[in-house]
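One structure is given below, encoded as structure tokens.
The values are calculated or read from the model by the stated rules, or taken from the named source; none is laboratory data. Every value quoted in this text rests on a predicted model; they were computed, and no experiment measured them. Counting neighbours? That spans all protein chains shown, and the Cβs are built from the backbone with ideal geometry, glycine included. When the accessible area is computed, the model is the full protein with side chains, heavy atoms only, and any ligands, DNA or RNA have been set aside. Shrake-Rupley method; radii C 1.70, N 1.55, O 1.52, S 1.80 Å.
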Amino acid sequence: MSNLAVLPIIIPLISAIILIFFNTKVKVSRLLTKLFSLIGLGLSGYIAWQVIENGSIILETGDWIAPYGIILVVDSLAAVLVFTTNIISVAGAFYAPHAGLGEKENYYFYPFYFFLITGVSGAFITGDLFNLFVFFEVLLMASYALIVLGGGKVQLRESVKYLLINLFSSMLFVTAIAFLYGVVGTVNMAQIAQRVQEVDQQGILTTIGILLFFVFATKAAVFPLYYWLPNSYIVPNPLVSALFGALLTKVGVYALIRVFTLIFVHDIDLTHDIFVWVAGLSMIFGVIGALSTNNIKLIVAYNIIPAVGYILMGIGIFNQEALSGSIYYLIQDMIVKAALFLLIGIIAYVAGTSDLRKMNGLIHHYPILGWLLFISAFVLAGIPPFSGFIGKVLLLEGAFRNDQILLAIIGLLTSLLILYSIIKIFVRGFWGDKQAMEGIEKKPIKGMIAPVIFLLSLTVIIGVGAEFFYPIADSIAAYLLEPEIYIDSVLKE
């Protein structure tokens, strides 16, 4: 038992509380935000290293042994995702002073920023379903505050839609937990997984599993439950959009991975076949949305959906190659989505519009923006040697091994269309005559561009350094395919 497990939750929580008292002192808040985010990154990096080297860290809070108390479980999957979350937190902290937040910084932006990180980290670490619901609510309440900051008409409309959808899914979540507790008599995930194998009510458990799939799929924005996401994710400040695109949907994806590799593995022919179909349709409809709009922010928002489809593809195929591909792709996609939302925010800022039809020749004033976008397109599409390529190759290997040929073809075609959806921003918005930029004042972007370079550099490192990172993803996949390891580590049997 180690108190290290609670620190990724406590540090951002304390940071948020401290920043409440400095709300009107913007410069102090900015400095403290950078400091606290760096502390969180260093701490989460150390914890991830400890877990990879020595195994899971389990904390039984209040000395109440599992499954009776609140259990925090930092296994390899949770540790890596918490570390990735803190990488994005650092990038956001350094981007924030240049994000054009204005008066929004005086409306408790920084406390809500860290409350969001608290909820995300807690969701990754918690060892029971009810506290997963609690941490979902923490991050959602923070996101409600962040999405509504600014108060524009469109922003208020989309925030109401976002609020109602998430309230409905949260209601279903707690209802599903109640049903599951009624069947197995516990909310501890390790004990649920143990008892699901023993309870002679497999039909009811499968129904509960599908209900939980519906809840998490709504939060992850997969087909056909993605309709709420694109417009909701583009109305706030680009920094908030980056946090949402990189973290919120990925918490839903994490919940799907955790629940459907640990608990609901008794009827794979039904539950995991649903993942295969949903993955393919998410890829298709997500990329169609990205191709159908000239709003550069919407293009990136729609590209969240096929990315989630790729991750679900690995869960549906359910072999080690595919699962390791899902883990690899999940980690790199969190980073590249944060970078892309920040980058698109900068492009819209310098162009004065997010309408691609009104942009031309930006490359002449902002060459670094153009080439960063070009690299982002290659990362997102999975062009070698970038990080997206490694995850997709593993997914395709797993698909061919399980004879999921159609799904593999959809994945390949979707990659090409994703590449086109981003490259068209480069071709139409950046390429063009220098005269198109005449009379337009060049805006300073130095402070805004550094976090984007930091994040994209990491995606390149994850791709080029696959020899180091792949064994980690592969070991996580092997671990997920052996739920007894998780059960024994928590229940100490």
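Overview of values
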{"quantity": "15 Å beta-carbon shell around Glu321, net charge (K/R +1, D/E -1)", "calculated": "-1"}
{"quantity": "Of Lys297/Lys443; Lys358/Lys442; Lys161/Lys337; Lys153/Lys250, those spanning more than 25 Å from alpha-carbon to alpha-carbon", "calculated": "Lys153/Lys250"}
{"quantity": "Cβ charges +1 (Lys, Arg) and -1 (Asp, Glu), total dipole of the chain, debye", "calculated": "2320"}
{"quantity": "Cβ-Cβ FRET estimate between Leu38 and Lys442, R0 fixed at 35 Å, reported to 0.05", "calculated": "0.65"}
{"quantity": "Relative counts (whole %) of C-alpha pair distances in the range 116-186, using bins that are 5 Å wide", "calculated": "3, 16, 21, 20, 17, 10, 7, 3, 2, 0"}
{"quantity": "Accessible-area composition of the chain, carbon plus sulfur, in percent [1.4 Å probe]", "calculated": "67"}
{"quantity": "For the range 275-290, 3J(HN,Hα) per residue [Karplus equation, 6.51 cos²θ - 1.76 cosθ + 1.60, θ = phi - 60°, Hz, x = Gly/Pro]", "calculated": "4, 4, 5, 5, 4, x, 5, 5, 4, 5, 6, x, 6, 4, x, 5"}
{"quantity": "Taking the range 1-148 and dividing mean pair separation by its residue count, relative contact order in percent (alpha carbons under 8 Å, at least six apart)", "calculated": "31"}
{"quantity": "Sequence-separation-based contact order of the chain, relative, with Cα cut under 8 Å and 6+ spacing, percent", "calculated": "15"}
{"quantity": "Residue-normalised accessible area of the range 126-185, given per residue in Å² at a 1.4 Å probe", "calculated": "42"}
{"quantity": "Helix 129-148 axis, angle to the chain major axis (alpha carbon atoms, nearest 10°)", "calculated": "20"}
{"quantity": "On Cα atoms only, tilt of 446-464 relative to the major axis of the chain in degrees", "calculated": "50"}
{"quantity": "For the range 203-270: accessible area per residue (Å², 1.4 Å)", "calculated": "22"}
{"quantity": "Centre separation in Å (Cα based) which lies between the range 50-112 and the range 158-234", "calculated": "22"}
{"quantity": "Acute angle (nearest 10 degrees) that the helix 109-125 long axis makes with the longest principal axis of the chain, alpha-carbon atoms", "calculated": "30"}
{"quantity": "Net lengthening on full extension, Tyr227/Leu172 (0.36 nm per residue, minus Cα-Cα)", "calculated": "18.0 nm"}
{"quantity": "Value at 222 nm in deg cm²/dmol, rounded to 500, when DSSP H runs of n ≥ 4 in the chain each add -39,500 (n - 2.57)", "calculated": "-24000 deg cm²/dmol"}
{"quantity": "Residues of the range 1-69: accessible area per residue with a 1.4 Å probe, Å²", "calculated": "56"}
{"quantity": "Segments 328-336, 106-114 sorted - mean Cβ within 10 Å per residue, highest first", "calculated": "328-336, 106-114"}
{"quantity": "Virtual spin-label span in nm between Val28 and Leu156, 7 Å along Cα→Cβ", "calculated": "3.3"}
